[in-house]
Amino acid sequence: MEVVQDESLLSKYFDLTEDQRTMFAAMGALYADWNQKINVISRKDIEKFYERHVLHSLAIHKYVQFMPGTKILDLGTGGGFPGVPMAIMNPECQFVLIDGTAKKIRVVQAVVQELGLANVSAVQLRAEECKHKFDFVTARAVTGLDRLKDWSQRLMTDRQINAVPNGLITLKGGNPKDETKLISKSDYTEVIPLGDYFDEDFFESKYLLYLQL
């Protein structure tokens, strides 16, 4: 199945370097090819790959521009989202992408190698098994905010090098109140409707949720 969209959608919202354009352009065909072997993206979504996966992932880049040297853990990365698009946008940051499913990590490793992303490592690992420290944890449609908080809290480094304090950045759909009620009222959160960033109808029901840790 071919990817109908192309990467030009991204240029509507971001100023990309030539290297970034090249890598984003290559992603569509790579994922379309891999998806025929190992289904990591739903069949109905592959035709809107750049909108529903790449641009969606890059909402995080709209929220915060990471400083060089920032370390990010993409928890439950699945097929590599939001980790791979964010790694392309932030070549001076280090990304670790983990997932408990071996076949998904196999796809991510192949994509990372094909794109030549030197700032990414993809590992088959559960969040509970992770032993390194990070400035941020990202996640997209993994689990409830309470569990994400429990997994992420112990993984935070003490240093602060970004304008946004270290924490969890997760991409969600539905009602954000259903998520924030899972944690303490004293926890600091920010909820950003993705319609504030992107015009496409797909983003009307999507939001970014930041939890300071």
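Throughout, read-outs are computed from the coordinates displayed, never taken from laboratory work. Quick caveat: nothing in here was measured; it's all calculated off a predicted structure. Here the Cβ is made from the backbone with ideal geometry for all residues, glycine too, and neighbour counts use every protein chain on show.
On inspection, ALA102 passes the criterion of being over 20 Å from PHE198 (Cβ atoms) and surrounded by fewer than 16 Cβ atoms within 10 Å (Cβ to Cβ). Is it the case, given these coordinates, that ARG21 is basic (Lys, Arg), under 17 Å from GLY116 (Cα atoms) and surrounded by fewer than 17 Cβ atoms within 10 Å (Cβ to Cβ)? Spelling it out, ARG21 is indeed basic (Lys, Arg), under 17 Å from GLY116 (Cα atoms) and surrounded by fewer than 17 Cβ atoms within 10 Å (Cβ to Cβ).
Among the residues of region 123-162, those identified as among the β-branched types (Val, Ile, Thr), surrounded by fewer than 19 Cβ atoms within 10 Å (Cβ to Cβ) and closer than 26 Å to HIS53 by Cβ are VAL123, THR143.
Among VAL107, VAL120, which is the only one that is more than 25 Å from GLN65 (Cα to Cα), surrounded by 21 or more Cβ atoms within 10 Å (Cβ to Cβ) and in contact with a Phe, Trp or Tyr (Cβ under 6 Å, 6 or more places away or on another chain)? Spell out how you get there, then give the answer.
Working: VAL120 fails: more than 25 Å from GLN65 (Cα to Cα).
VAL107 is the lone residue from the list that is more than 25 Å from GLN65 (Cα to Cα), surrounded by 21 or more Cβ atoms within 10 Å (Cβ to Cβ) and in contact with a Phe, Trp or Tyr (Cβ under 6 Å, 6 or more places away or on another chain).
Restricting to region 148-164, what's the tally of residues that are assigned to a loop (DSSP other than H, G, I, E, B), closer than 13 Å to LYS71 by Cβ and in contact (Cβ under 8 Å) with a residue 40 or more places away in the chain? So that I can check it myself, show each step before the final result.
Of region 148-164, the ones assigned to a loop (DSSP other than H, G, I, E, B) are 154-155, 157-164.
Imposing the further condition that a residue be closer than 13 Å to LYS71 by Cβ reduces the set to 155, 157-162.
In the following step, the residues that additionally are in contact (Cβ under 8 Å) with a residue 40 or more places away in the chain were identified as 155, 157, 161-162.
Selection size over region 148-164: 4.
Could you go through region 187-195 and let me know if any residue there is in contact with a strand residue (DSSP E or B) (Cβ under 9 Å, 6 or more places away or on another chain) and surrounded by fewer than 13 Cβ atoms within 10 Å (Cβ to Cβ). Scanning region 187-195, I find at least one residue that is in contact with a strand residue (DSSP E or B) (Cβ under 9 Å, 6 or more places away or on another chain) and surrounded by fewer than 13 Cβ atoms within 10 Å (Cβ to Cβ), so the answer is yes. When restricted to residues that are part of a strand (DSSP E or B) and either among the hydroxyl-bearing types (Ser, Thr, Tyr) or without any contact (Cβ under 8 Å) to a residue 40 or more places away in the chain (or both), region 110-139 contains 5.
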